[in-house]
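Report on the following structure.
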Amino acid sequence: MELRQLRYVVAVAEEGGFTRAAARVHVAQPAISQQIAQLERELGERLFDRTERQVSLTPAGEAFLPHARAALQSTAAGRDAVTLLRGVLAGRLAVGTVPAPPATLLDQLARFQRHYPQVRLTLRTGDPEKLVEQVIAGNLDTALIGTSGPRLPAGPAGQRLPTTLGAREFGEEPLVVATAPGHPLAANAEVTLADLREEALVTLTPGTGLRAALENACAEAGLAPDIRAETDDLSLLALLVEHGFGIALMPRSAAERLGPELVTLPLRHAALSRALTLVWRRDGVTAQARAFLEMDLE
């Protein structure tokens with residue numbers, strides 16, 4: 001059993017196919033197929049079900065995958081520990097974030113890169129539940145997610161953050177109502193939730209902090225939001241507003257950055273915000289993640 005075989009297994013599992021996995025690890029596709037077939041012969045079990053259109057893990061593959069990831073992470077940690085003896089932090093820092101992250105996160109990452117130029121940065125966006133899953137699985141070192149107190153913003157009640165995660169508040173960002181320039185509300189200095197009663201709304205998909213904030217605010221105001229379109233892409237949400245599909249509740253910085261033509265209106269009597277929390281796995285803090293988290297305290 002070789003490390004490259006484990007790396008190929010993880011790549012195929014995460015990419016969902018041999019061709020995409022080959023592109024990710026910069027190896028010819030037949031070489032990956034050959035090495036995984038060799039590993040399967042050694043284990044005496046098939047790790048993947050292969051069809052013309054998709055590749056999926058077998059039960060044996062599901063059981064093997066966490067151990068393959070753990071072995072690769074342990075090897076990387078050992079290599080980084082040796083590098084640290086020379087006073088140099090290298091390796092990789094994988095960070096997850098909400099779509100259209102605040103400038104404070106990007107500023108911190110830029111500062112980290114200046115301090116540790118040999119560390120490669122990987123950034124991934126996603127909804128809070130998926131980001132938390134990736135942190136727990138060890139695919140991400142840390143993630144910036146939207147939360148409601150100690151809970152994930154999935155539905156009115158949400159789910160509590162797993163106790164295996166460390167968490168630190170990262171701040172809040174005000175939410176505003178974004179409209180197209182020609183919308184009737186655009187002439188207002190501010191709006192209330194009651195002003196949204198008859199309006200077509202566009203928003204993010206369920207499970208996101210923005211969707212939860214919109215639904216919770218409307219529920220408290222006794223409103224039933226008229227959602228006409230939804231997307232999992234905050235940039236596309238801004239475009240939907242610009243093209244007149246409806247108005248949207250958005251983080252102020254994201255609305256100004258993604259939709260420079262949009263009109264942003266504060267909410268009167270209902271100051272809403274996007275609460276952000278930095279999470280990491282308590283029992284698996286890499287040297288890179290520790291340096292990043294400690295930099296947050298500077």
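The values are calculated or read from the model by the stated rules, or taken from the named source; none is laboratory data. Note that this is a predicted model, so its numbers are computed, not measured. A quick note on method: Cβ atoms are made from the backbone with ideal geometry, for glycine too, and the neighbour counts reach across all protein chains shown.
Scanning the stretch 102-142 for residues that are more than 10 Å from the chain's Cα centre (by Cα) and part of a loop (DSSP other than H, G, I, E, B) returns P102, Y116, P117, Q118, V119, G138, N139, D141. Out of everything in the stretch 72-124 that is over 21 Å from R281 (Cα atoms) and small (G, A, S), what residue ends up being modelled with the highest pLDDT? Ranking the candidates gives A110 first. Does the stretch 243-259 hold any residues that are closer than 20 Å to E190 by Cα, more than 24 Å from the chain's Cα centre (by Cα) and surrounded by fewer than 17 Cβ atoms within 10 Å (Cβ to Cβ), and which are they? Hit for the stretch 243-259 is G244, nothing else. Scanning the stretch 273-298 for residues that are buried (at least 21 other Cβ atoms within 10 Å of the Cβ) and either modelled with pLDDT under 80 or touching a Cys at 6+ places or on another chain (Cβ under 7 Å) (or both) gives a single hit, R274. Exactly one residue out of A224, A238 is closer than 22 Å to P184 by Cα and surrounded by fewer than 17 Cβ atoms within 10 Å (Cβ to Cβ), and it is A224.
Which ranges mark the strands (runs of 3 or more DSSP E) fully within the stretch 219-298 that have 1 or more residues being in contact (Cβ under 8 Å) with a residue 60 or more places away in the chain and over 21 Å from T122 (Cα atoms)? So that I can check it myself, show each step before the final result.
Details: elements: 226-231, 248-251, 263-265, 273-281.
Where strands (runs of 3 or more DSSP E) fall fully within the stretch 219-298 and carry at least 1 residues being in contact (Cβ under 8 Å) with a residue 60 or more places away in the chain and over 21 Å from T122 (Cα atoms), they are 248-251, 263-265, 273-281.
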